[in-house]
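K.L.:
Have a look at this one before I ask anything.
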Amino acid sequence: MQRYFVDGTQFSADSVRITGDDAHHLIRVMRAEPGDLIICSDGANREVEAELVLLEKQEVTARIVRELPMENEPHIQVWIAQSLPKGDKMETVIQKCTELGAARFIPFVSERTVVQYEAKKEAKRLERWQKIAKEAAEQAHRNRVPDISAPLTWKQLLAEAAQADSGLICYEKPQGQGIRAAVQAAIDSAGCGGQAGADSKQKPDGTNRTAILVVIGPEGGFSEREVAEAESAGCRAISLGRRILRTETAAMAALSCILYEAGEMGG
């Protein structure tokens, strides 16, 4: 069944309107007809199964058949802080990590970032990233679309880390702690086994689910100074094993390990 994220204002008590690219996709790509069933979510508090009743050129109207439980999100939030990589690697990170269950993406510029960051292109690039996240969330049957921040400086990222309950920085040098022990320590410190603890901080999405920030470096890795600064800001340096991973691979590997240890990858 096709799934679409629509703005909450497009819901009424008994119907939902689908407009824009989603309406075009239903009409032109899916060749939908009245009577077809779809799932619509506002990405926050409501998800429904709905029956198409009216397909117009720019808008589709569907009758709400039943309310659905929103239970596909991990009980633990993982925030991916990714130093801007070359080419379209950031798009790959957003797409695949959204499918896996990342709750938030925080792009940033670090000492060895190769990409020349241009503020003028920020809005257009952010819009594309958000579209990729939305489509990946729909494909993976997520209940929420991950938040994507505008790119931050290194100092801004360290300040942002204070919003998370725990922080991890991936570092290839030997002093990095194994990710399994670090994740278990983060979960244990929250005292909730991945569930929202009483002392868990209020998050940007309005929830208080335990959040773990994982910081991924650029193609050239982090400098020792950056790792020291991250540790001073409360992050643990972790290792992803003896092999050196590409920056986009590291993000997916770290996320998978964290969700597995939190019991979110098949129990």
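The values are calculated or read from the model by the stated rules, or taken from the named source; none is laboratory data. Keep in mind the model is a prediction, meaning the values are calculated, not measured. Reconstructed Cβ throughout: ideal geometry from the backbone, glycine too, with neighbour counts over all protein chains shown.
K.L.:
Does the stretch 86-105 contain any residue that is in contact (Cβ under 8 Å) with a residue 12 or more places away in the chain, in a strand (DSSP E or B) and in contact with a strand residue (DSSP E or B) (Cβ under 9 Å, 6 or more places away or on another chain)?
P.N.:
yes
K.L.:
Check S110, S83 and return the single one that is closer than 21 Å to I179 by Cβ, more than 19 Å from the chain's Cα centre (by Cα) and either buried (at least 20 other Cβ atoms within 10 Å of the Cβ) or not assigned by TED's automatic domain parsing to the domain that holds D42 (or both).
P.N.:
S110
K.L.:
Among the numbered criteria (1) modelled with pLDDT of 90 or more; (2) part of a loop (DSSP other than H, G, I, E, B); (3) within 16 Å of S83 (Cα to Cα), which single criterion is violated by H141?
P.N.:
(3)
K.L.:
State which residue is surrounded by the fewest Cβ atoms within 10 Å (Cβ to Cβ) when the search covers only the stretch 248-267 and only residues that are among the small types (G, A, S) and assigned to a loop (DSSP other than H, G, I, E, B).
P.N.:
G267
K.L.:
Is it the case that A185 is among the small types (G, A, S), in a loop (DSSP other than H, G, I, E, B) and without any contact (Cβ under 8 Å) to a residue 60 or more places away in the chain?
P.N.:
no
K.L.:
Only one of (1) assigned to a loop (DSSP other than H, G, I, E, B); (2) touching a strand residue (DSSP E or B) at 6+ places or on another chain (Cβ under 9 Å); (3) surrounded by 13 or more Cβ atoms within 10 Å (Cβ to Cβ) is not met by E73, so which one is it?
P.N.:
Condition (2) is where E73 drops out.
K.L.:
Also, quick follow-up: How about the stretch 163-191: which of its residues are under 17 Å from I76 (Cα atoms) and either buried (at least 17 other Cβ atoms within 10 Å of the Cβ) or at pLDDT 90 or above (or both)?
P.N.:
Q163, A164, D165, S166, G167, L168, I179, A182, V183, A186, I187, A190
K.L.:
Find the residue count for the stretch 230-247, including only residues that are part of a helix (DSSP H, G or I) and under 26 Å from D88 (Cα atoms).
P.N.:
Qualifying residue count, the stretch 230-247: 1.
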